[in-house]
Amino acid sequence: MSHTLMLSSANGKEDISRAGDILRNGGVVAIPTETVYGLAANALDCEAVKKIFTAKGRPQDNPLIVHISSFDDVFSLCDGISDIAVAIMKAFWPGPLTAVLKKKPIIPDIVTCGLPNVGIRFPSHRTAREVIESAGVPLAAPSANLSGKPSPTCAAHVAQDMEGRIDAILDGGECEIGVESTVVDLTGEHPVILRPGGVTLEQMISVAPGTTTADFNRELKEGENPLSPGMKYRHYAPLSHVRLVRGDADRAAEYIKNKLKSGDEIRGVMCFSEYKDVFLSTGAHVVVSYGGRYDVSAQSKEMFSAMRAFDETPVSCIYIQASADVSGMGLALDNRLMRAAGFDVINV
Ligand code: TXA
Ligand code: MG
């Protein structure tokens with residue numbers, strides 16, 4: 001493929017229906033959602049789905065989630081849906097929640113990589129829903145980054161990774177949340193969160209008190225099978241070494257400042273906005289901020305974009321100043337930062 005068509009939701013119905021046409025005809029289109037951009041193709045068309053794996057360079061054993069534009073679609077794609085599952089979906093759909101349920105045969109094995117379950121997501125983003133409706137089919141869509149890169153939160157990020165590799169990019173502006181959906185296994189007696197995300201653990205517990213979390217914040221042992229295949233991949237793998245410095249913001253800043261004094265590496269810092277000048281004046285070569293120290297929503301929204309900014313610089317090590325507060329959206333934020341750091345964490 002040589003040319004990627006640029007479409008925009010600002011052009012209204014016309015570009016949305018062009019995106020829908022391409023998808024219905026087996027093409028791949030990057031679309032905005034409230035979490036991150038997705039790389040979409042007709043979920044019921046094996047050849048179309050194959051193109052997603054190729055464009056992303058995605059491992060063949062990491063399943064895709066399927067996006068729908070109306071609640072009832074889940075019943076035509078999945079079987080054996082429990083009352084608790086319905087309650088959870090009713091509470092958080094449309095929105096940043098992916099429900100893992102038993103798949104019906106209509107969903108091809110290539111989507112789930114042979115697993116009996118499929119992740120279903122009903123996004124709240126207006127353009128996302130309009131594109132799904134226009135395509136007239138459910139859309140398989142992983143995040144629209146090259147495998148191993150940070151998820152894209154604007155169309156320019158998608159273009160960096162996907163220009164020339166897919167049919168079109170539909171620009172819908174910046175993503176509101178900036179962190180991917182919460183993936184929750186709803187096939188058992190109680191919901192199990194496989195990946196923390198836009199719907200918080202606290203919100204889940206308020207609907208289903210028995211909700212638990214999988215052990216997603218650690219590296220897998222060799223040969224170990226994860227509950228969610230995505231958990232075995234390090235998501236952001238920059239060439240540089242990333243270290244996560246977690247705790248009180250002032251103490252984390254002190255720790256990083258000390259490290260900046262030594263060595264002849266090209267040093268980068270990803271920090272809260274209040275600390276940007278401090279680090280610039282104490283030996284960091286590249287400083288990128290990601291939200292205010294108490295503003296977890298802004299941190300979540302800007303995190304992937306900040307990580308991506310380092311890829312255009314020659315830094316060889318990156319220190320990330322981070323909070324140790326994992327309540328609310330903090331849990332998802334911490335999980336993505338941990339993965340970016342390859343679990344190299346210093347608690348201060
Ligand atoms: O917010 C999101 O979820 C975005 C937007 C585009 O919707 N999509 C997204 O997709 O983040 P992806 O493929 O980058 O991440 C989906 C995660 C992966 O970690 C995958 O392993 C897991 O969900 N997953 C998918 N299907 C699964 C299944 N049947 N069982 C367990 N985990 C599954
Ligand atoms: Mg992804």
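Here's a check for you: in region 165-187, which residue that is of a type in the set (A, V, I, L, M) and either assigned to a loop (DSSP other than H, G, I, E, B) or more than 13 Å from ligand 1 (Cβ to nearest atom) (or both) is nearest to the chain's Cα centre (by Cα)? So, considering only residues that are of a type in the set (A, V, I, L, M) and either assigned to a loop (DSSP other than H, G, I, E, B) or more than 13 Å from ligand 1 (Cβ to nearest atom) (or both), the one nearest to the chain's Cα centre (by Cα) is Val179. Taking the criterion of being part of a helix (DSSP H, G or I) and either among the hydrophobic types (A, V, I, L, M, F, W, C) or within 16 Å of ligand 2 (Cβ to nearest atom) (or both), the residues of region 113-137 that qualify are Ala128, Val131, Ile132, Ala135.
Restricted to region 3-51, the set of strands (runs of 3 or more DSSP E) holding at least 1 residues that are within 16 Å of ligand 1 (Cβ to nearest atom) and not small (Gly, Ala, Ser) comprises 29-31, 38-42. Summed over region 17-76, residues that are in contact with a Pro (Cβ under 6 Å, 6 or more places away or on another chain) and of a type in the set (S, T, N, Q) total 3.
Would you pick out the residues in region 138-159 that are part of a loop (DSSP other than H, G, I, E, B) and within 13 Å of ligand 2 (Cβ to nearest atom)? Steps first, answer last, please.
Taking region 138-159 first, the residues part of a loop (DSSP other than H, G, I, E, B) are 138, 141-142, 144-154.
Ala141, Pro142, Ala144, Asn145, Leu146, Ser147, Gly148, Lys149, Pro150, Ser151, Pro152, Thr153 - these are the residues of region 138-159 that are part of a loop (DSSP other than H, G, I, E, B) and within 13 Å of ligand 2 (Cβ to nearest atom).
The condition of being touching a helix residue (DSSP H, G or I) at 6+ places or on another chain (Cβ under 6 Å), surrounded by fewer than 22 Cβ atoms within 10 Å (Cβ to Cβ) and among the aliphatic types (A, V, I, L, M) holds for only one of Leu146, Leu77, that being Leu146.
Taking region 176-196 as the region of interest, how many residues are within 15 Å of ligand 2 (Cβ to nearest atom) and either farther than 24 Å from Val49 by Cα or of a type in the set (Phe, Trp, Tyr) (or both)?
Total satisfying the criteria: 3.
When Ile84 is tested against (1) touching a residue at least 60 places away in the same chain (Cβ under 8 Å); (2) over 19 Å from the mean Cα position of the chain (by Cα); (3) on the phi > 0 side of the Ramachandran plot, exactly one condition is not met: (3).
For first residues located in region 103-120 and touching a residue at least 12 places away in the same chain (Cβ under 8 Å), partners that are basic (Lys, Arg) and surrounded by fewer than 20 Cβ atoms within 10 Å (Cβ to Cβ) and lie 6+ apart or on another chain with Cβ distances below 9 Å form the pairs Ile110/Lys50; Pro116/Lys102; Asn117/Lys102; Val118/Lys102; Val118/Lys104. The residues of region 147-164 that are modelled with pLDDT of 95 or more and either within 16 Å of ligand 1 (Cβ to nearest atom) or among the small types (Gly, Ala, Ser) (or both), listed by number, are Ser151, Pro152, Thr153, Cys154, Ala155, Ala156, His157, Val158, Ala159, Asp161, Met162, Gly164.
The single condition among (1) of a type outside the set (Gly, Ala, Ser); (2) under 25 Å from Ala156 (Cβ atoms); (3) crowded, with 16+ Cβ neighbours inside 10 Å; (4) in contact with a Ser or Thr (Cβ under 8 Å, 6 or more places away or on another chain) that Tyr275 does not meet is (2). Residues that are in a loop (DSSP other than H, G, I, E, B), closer than 28 Å to Gly172 by Cα, more than 12 Å from ligand 1 (Cβ to nearest atom) and of a type in the set (A, V, I, L, M, F, W, C) occur in region 91-104; there is at least one. Does Val66 fit the bill of being surrounded by 16 or more Cβ atoms within 10 Å (Cβ to Cβ) and either modelled with pLDDT of 95 or more or touching a strand residue (DSSP E or B) at 6+ places or on another chain (Cβ under 9 Å) (or both)? Against the criterion (surrounded by 16 or more Cβ atoms within 10 Å (Cβ to Cβ) and either modelled with pLDDT of 95 or more or touching a strand residue (DSSP E or B) at 6+ places or on another chain (Cβ under 9 Å) (or both)), Val66 qualifies.
The values are calculated or read from the model by the stated rules, or taken from the named source; none is laboratory data. Worth saying up front: this structure is predicted, and the values here are computed from it rather than measured. For neighbour counting, all protein chains shown are included, and Cβ atoms are generated from backbone atoms with ideal geometry for every residue, glycine included.
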